[in-house]
Amino acid sequence: MIGSAENRVVAVPLIGDGFIAALSDLVEVLLALEGTDPADGQVPLSALLVDGSGLRALNRLAGALVPTQTTRGPRLLDHRSRALPPVVFVEVLTSDLQLLGHLVQALGLAHLRGAPRVESLLAEIASVSWARPSTTADLIAAFARLHGLLDLAWTDDTAALFEELQAAGAGCAIVELRPDTEECYRRLSRRLSGMWGARSPHQQICGGDVGEEYR
């Protein structure tokens, strides 16, 4: 895996509003819970949900991740010069990614235990979310998919794509993938779209070719 004990490089596909919405919704949850007494209410809450540490980690993650959905990296082409949905690599703090996982777990546990404060808050946010999840369980599932996507295991396919993009250089506007790297890209896209679940441009390539802005 590329990175270090302190930092981790993650592959981020183009997903768009759903990806940004999941980040935004989770930030809203933590903003509303910040400063709450963990023992307030019928069910104790994890300190991670109320002490501000999770919110700071999310803000750092958002700073690295949101641009991947609003400003595309190098334009990727297959070996026949047809457009492919972007995948970009960003570096995040390993501790922030781990904390994201703990936050999702803590919210899921509070939901399962029926914590009144969390339940009412999740229902409120679900009703106004960009992604329009229908239930609080759907909202928590979106948070879990977000973490799973970022925490996807690094494989030889991931490394091959990363190395070709690195070799092209940071200022390169167009990268035409070699046939072998294109196959790595397609396998990685299948894993990314499978983890996200909701529709994304990468789902369109799982069964074949794309082009024309991913059809």
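The values are calculated or read from the model by the stated rules, or taken from the named source; none is laboratory data. Here the structure is a predicted model, which is why all the values come from computation and not from measurement. Because the Cβ atoms are built from the backbone with ideal geometry, glycine has one as well, and the counts that use them run over all protein chains shown. Side chains included, ligands, DNA and RNA excluded: accessible areas come from the protein's heavy atoms. Shrake-Rupley method; radii C 1.70, N 1.55, O 1.52, S 1.80 Å.
Quick check on the range 1-103: take the gyration tensor over C-alpha atoms, sort the square-rooted eigenvalues as a ≥ b ≥ c, and tell me if it's rounded (a/c under 1.5), prolate or oblate. In terms of gyration-tensor shape, prolate. For Ser95, the accessible surface of its heavy atoms amounts to roughly 70 Å² (probe 1.4 Å, protein chains only, rounded to the nearest 10). For the range 142-189, the alpha carbon positions stretch 33, 23, 14 Å along the principal axes, listed from largest to smallest.
Find the centroid of the Cα atoms in the range 26-40 and in the range 119-154, then give the distance between the two in whole Å. Taking the Cα centre of the range 119-154 as reference, the centre of the range 26-40 is 16 Å away. Relative contact order of the chain, taken over Cα pairs closer than 8 Å and 6 or more residues apart, is 29 percent. Estimated from helical segments only, the mean residue ellipticity of the chain at 222 nm is -17500 deg cm²/dmol, where each DSSP H run of four or more residues counts as -39500 (n - 2.57).
Computed over neighbours whose Cβ is under 15 Å from that of Arg8, the net charge equals -3, Lys and Arg +1, Asp and Glu -1. Positive end of the dipole of the chain (Cβ unit charges, origin at the Cα centre): among Thr135, Leu61, Gly197, the Cα lying farthest that way belongs to Gly197. Based on DSSP loop calls and a cut-off of at most 14 other Cβ atoms within 10 Å, the longest stretch of the chain free of exposed GluC sites (Glu not before Pro) is what? By the stated rule (loop sites, at most 14 other Cβ atoms within 10 Å), 35-211. In a DSSP loop and with at most 12 other Cβ atoms within 10 Å, the trypsin sites (Lys or Arg not before Pro) in the range 67-155 are Arg80. Rounded to the nearest 10 degrees, the inclination of helix 179-196 to the longest alpha-carbon principal axis of the chain is 20 degrees. For the range 60-114, the pair-distance distribution built from all alpha carbon pairs, in bins 5 Å wide starting at 0, is 4, 15, 16, 14, 14, 12, 10, 7, 4, 2, 0 percent. Taking the longest Cα principal axis of the chain as reference, the axis of helix 17-33 is set at about 20 degrees. Computed from point charges on the beta carbon alone (+1 for Lys and Arg, -1 for Asp and Glu), the dipole magnitude for the chain about its Cα centre is near 360 Debye. Counting only protein heavy atoms and a 1.4 Å probe, the chain has 47 square angstrom of accessible area per residue. Between 0 and 90 degrees, the angle of helix 94-113 with respect to the longest Cα principal axis of the chain falls at about 50 degrees.
Of [x] 39, 18, 15; [y] 35, 18, 13; [z] 28, 19, 18, which is the value of semi-axes √(5λ) of the Cα gyration tensor in Å derived from the coordinates here? The value computed from this structure is option [y].
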